[in-house]
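Q: The structure is given below, and queries will be raised subsequently.
The values are calculated or read from the model by the stated rules, or taken from the named source; none is laboratory data. Because the structure is predicted, anything quoted here is derived from the model rather than measured. Glycine gets a Cβ as well: all are built from the backbone with ideal geometry, and neighbour counts include every protein chain shown. All accessible areas refer to the heavy atoms of the entire protein, side chains included, with ligands and DNA or RNA removed. Shrake-Rupley method; radii C 1.70, N 1.55, O 1.52, S 1.80 Å.
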Amino acid sequence: MVSRLVLVLGDQVSPGLSALQEADKARDLVVMAEVMGEAAYVRHHPKKIAFCLAAMRKFAARLERDGWRVAYTRLDDAENSQSIVGELLRRAEAEGADSVLATEPGEWRLIEALSHAPIKVRQLPDTRFIASHAEFDAWAEGRKSLRMEYFYREMRRKTGLLMEGDDPAGGKWNFDHDNRKPASDDLFREGPLKFDPDETVNAVLDLVERRFPDNFGRLRPFWFATDADQANTALDHFLEHALPCFGDYQDAMLEGDRFLYHAVISPYLNAGLLDPLDICRRAEAEYRAGRAPINAVEGFIRQILGWREYVRGIYYREGPDYPRRNALNHQRKLPDFYWGGETRMNCVAHAVAQTRDEAYAHHIQRLMVTGNFALLAGVNPTELHEWYLAVYADAYEWVEAPNTVGMSQFADGGIIASKPYISSGNYISKMSDYCRGCAYKVTQKTGAGACPFNLLYWGFLDRHRDRFQGNPRMAQMYRTWDRMAADRRAAVLDGAQAILDRLSAGETV
Ligand code: FAD
Ligand code: DLZ
Ligand code: SF4
């Protein structure tokens, strides 16, 4: 019998992967390939590349231990064609294989490359998610608006997670109202579990250092988990030490603490080292055992069972053009300070510095600092999307693009967000300690020292009045703006324009 190839991509390092389930150990050859086509299609953070390649190498070794034949291409191999399709064709020829079993990739770019490859590729559904495409589409069909909250409730009912019969545990579906506390400095906060690099990781770190010397981001120290055992230990550590406070401080930001009570598991989960339903069940067990309160566990489960599944549904439903949508016609070039250039805005400087060091920032930093600034300043959403896709270790297009283009930039015209996520400096000041050390004054609304978020916020609302003034969720904002004295409004708009002019001129903001 002619053998088949089984493709395993860098974010598919799961033993339960559908392509592996369907394949025959005795007959088929697993193909894994480190290729520049994947490692350089955006300028990924060095930590992201290292994480991906180390996880691939360890997974290949595990498959071999489990009895699979694996053809593994290393980045530096002389015969490496440097693309996924190229490697499939090369291995097919050497093996005499005439077809490929694959699991649907997390990016349209690769789905299309596999669909057009000059070899038969069967792309199986990716079953490592809680909702299938068909389930999401059945939920979405015929609805006027696709709000996450209703999809999430359906997922709660389907899985039975945090359910008491037909009712939600604790009497409410959503405890977000309780989850808005600013954090205070706490020397005893544990932070994520960190791992010393082993031999495999060290070899990859040397490779990445050599091959990607100019990519934005610090490679070392490198402490991510790179196999399923380590990732599970990191999850246990989170469940024990941070989950109980996850809800209360979910939106908080602190200069001196980059992780707070966040799980820092998204790189592991998105690569396939952890399973989403298993994570949710383990979190639920903490609630049932009385070790974590409902607002924390519900909030955490909602991120995975709700948001993560929902954005995936949107990505595949909306199609390949989604990442390039630009409903607000924003055309500004991404400012240099997103790549570490100088800025006097302390919140942005901190979010970017932490991104450079860790390839990680938590949700509110991504949404309300770097995302908020880009939206207020009218940055081109496709450029911003490429930035988010490059700089975070958890970034794959299916999850990154809906969050950036949809949730953060409103560039999909409101499919994901019912109103733009914009805020003045006041929100950042309430939720963080960034403003204390800032060159700008968050309480100042006009004049040279005024916080740029304050000025740009009104500038944005004024610029997009036609689109947003009829939105009931924004009516209060427009009422406040309209009640301001005319000369004050003029001063605010002048200040906002001055900031935009400085950005355009490449001057420090
Ligand atoms: P926690 O806060 O501890 O949450 C637990 C888990 O919930 C996360 O690991 C993640 O799997 C899931 N989750 C939480 N929020 C979301 C969300 N909005 N969408 C999907 N899953 C969510 N997440 C990614 O995994 N990859 C991305 O490329 C990505 N890009 C983003 C870009 C922007 C502009 C924004 C606003 C958010 C983005 N997110 C992305 C969502 C979120 O910021 C990260 O999932 C989260 O910060 C990961 O850190 P954590 O594991 O500590 O999460
Ligand atoms: C992110 C990434 C990187 C940096 N390198 C590789 C690689 O060399 N080989 C590979 O198979 N996958 C890699 N990946 C992950 C892919 O880019 C990912 O599978 C697609 O973007 C689809 O989500
Ligand atoms: Fe950011 Fe404005 Fe606060 Fe400075 S004052 S840290 S720019 S929100």
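Q: Would you mind stating whether VAL369 is closer than 23 Å to GLN303 by Cβ, open to solvent by less than 20 Å² (accessible area, probe 1.4 Å) and among the β-branched types (Val, Ile, Thr)?
A: yes
Q: Quick check on PHE238: is it open to solvent by less than 20 Å² (accessible area, probe 1.4 Å) and assigned to a helix (DSSP H, G or I)?
A: yes
Q: Step by step: first the residues of segment 447-468, then only those that are modelled with pLDDT of 95 or more and surrounded by fewer than 16 Cβ atoms within 10 Å (Cβ to Cβ), then the one that is nearest to ligand 2 (Cβ to nearest atom). Which residue is that?
A: ARG467
Q: If you check every pair at least six apart or on different chains, which have Cβ atoms under 6 Å apart with a residue in segment 85-112 that is at pLDDT below 95 first and a residue that is of a type in the set (Ser, Thr, Tyr) and away from ligand 2 (no atom under 16 Å from the Cβ) second?
A: From residues that are at pLDDT below 95, there are no pairs.
Q: Count, please, the residues in segment 469-487 that happen to be in a helix (DSSP H, G or I) and surrounded by 13 or more Cβ atoms within 10 Å (Cβ to Cβ).
A: The qualifying residues number 4.
Q: From the residues in segment 353-363 that are open to solvent by less than 10 Å² (accessible area, probe 1.4 Å) and touching a helix residue (DSSP H, G or I) at 6+ places or on another chain (Cβ under 8 Å), which one is farthest from ligand 2 (Cβ to nearest atom)?
A: That would be GLN354.
Q: Considering only segment 488-509, state which residues are open to solvent by less than 30 Å² (accessible area, probe 1.4 Å), of a type in the set (Val, Ile, Thr) and under 31 Å from the mean Cα position of the chain (by Cα).
A: ILE499, VAL509
Q: Please enumerate the residues belonging to segment 273-308 that are of a type in the set (D, E, K, R) and assigned to a loop (DSSP other than H, G, I, E, B).
A: Hits for segment 273-308 are ASP275, ARG291.
Q: Cβ contacts < 6 Å: first residue touching a residue at least 40 places away in the same chain (Cβ under 8 Å), restricted to segment 431-446; second residue outside any loop (DSSP other than H, G, I, E, B) and away from ligand 1 (no atom under 16 Å from the Cβ), any location; separation 6+ or different chain. Result?
A: Going by the 6 Å Cβ cut-off, the qualifying pairs are TYR434/ASN346; CYS435/SER429; GLY437/ASN346; CYS438/ASN346; LYS445/ASN454; THR446/ALA491; THR446/VAL492; THR446/GLY495.
Q: Before we move on, is SER81 open to solvent by 30 Å² or more (accessible area, probe 1.4 Å), of a type in the set (Ser, Thr, Tyr) and either more than 16 Å from ligand 3 (Cβ to nearest atom) or not in a helix (DSSP H, G or I) (or both)?
A: Spelling it out, SER81 is indeed open to solvent by 30 Å² or more (accessible area, probe 1.4 Å), of a type in the set (Ser, Thr, Tyr) and either more than 16 Å from ligand 3 (Cβ to nearest atom) or not in a helix (DSSP H, G or I) (or both).
Q: Which condition number in (1) under 18 Å from ASP227 (Cβ atoms); (2) part of a loop (DSSP other than H, G, I, E, B) is the one that CYS52 fails?
A: Evaluating CYS52 over (1) under 18 Å from ASP227 (Cβ atoms); (2) part of a loop (DSSP other than H, G, I, E, B) leaves (2) as the failure.
Q: Would you check which residues across segment 39-51 are within 16 Å of ligand 1 (Cβ to nearest atom) and surrounded by fewer than 24 Cβ atoms within 10 Å (Cβ to Cβ) and list them?
A: Of everything in segment 39-51, those that are within 16 Å of ligand 1 (Cβ to nearest atom) and surrounded by fewer than 24 Cβ atoms within 10 Å (Cβ to Cβ) turn out to be TYR41, VAL42, ARG43.
Q: Filter the helices (runs of 4 or more DSSP H) completely within segment 331-440 down to those with at least 2 residues that are within 13 Å of the chain's Cα centre (by Cα) and at pLDDT 95 or above.
A: 381-391, 397-401
Q: Hey, another quick one. Give the residues of segment 320-330 that are open to solvent by 40 Å² or more (accessible area, probe 1.4 Å) and in a helix (DSSP H, G or I), sorted by residue number.
A: Residue satisfying the conditions is ARG324 alone.
Q: Sticking with this structure for a sec: Across segment 1-27, which residue is surrounded by the most Cβ atoms within 10 Å (Cβ to Cβ) among those that are among the aliphatic types (A, V, I, L, M) and outside any loop (DSSP other than H, G, I, E, B)?
A: Here the residue is VAL6.
Q: Here is a follow-up. For segment 355-382, which positions are more than 14 Å from ligand 3 (Cβ to nearest atom) and either touching a strand residue (DSSP E or B) at 6+ places or on another chain (Cβ under 6 Å) or polar (S, T, N, Q) (or both)?
A: Within segment 355-382, THR355, GLY378, VAL379, ASN380, THR382 meet the criteria.
Q: Given the conditions (1) part of a helix (DSSP H, G or I); (2) open to solvent by 20 Å² or more (accessible area, probe 1.4 Å), and given that ALA60 satisfies all but one, which numbered condition is not satisfied?
A: So ALA60 meets the others, but not (2).
Q: Say whether the condition of being touching a residue at least 24 places away in the same chain (Cβ under 8 Å), surrounded by fewer than 18 Cβ atoms within 10 Å (Cβ to Cβ) and within 26 Å of ILE265 (Cβ to Cβ) is met by at least one residue in segment 395-414.
A: no
Q: Do we have TYR316 as within 30 Å of PHE59 (Cα to Cα) and modelled with pLDDT under 95 here?
A: no
Q: From the list LYS419, LYS430, LYS441, which one is surrounded by fewer than 20 Cβ atoms within 10 Å (Cβ to Cβ) and within 16 Å of ligand 1 (Cβ to nearest atom)?
A: Only one candidate passes the filter, namely LYS419.
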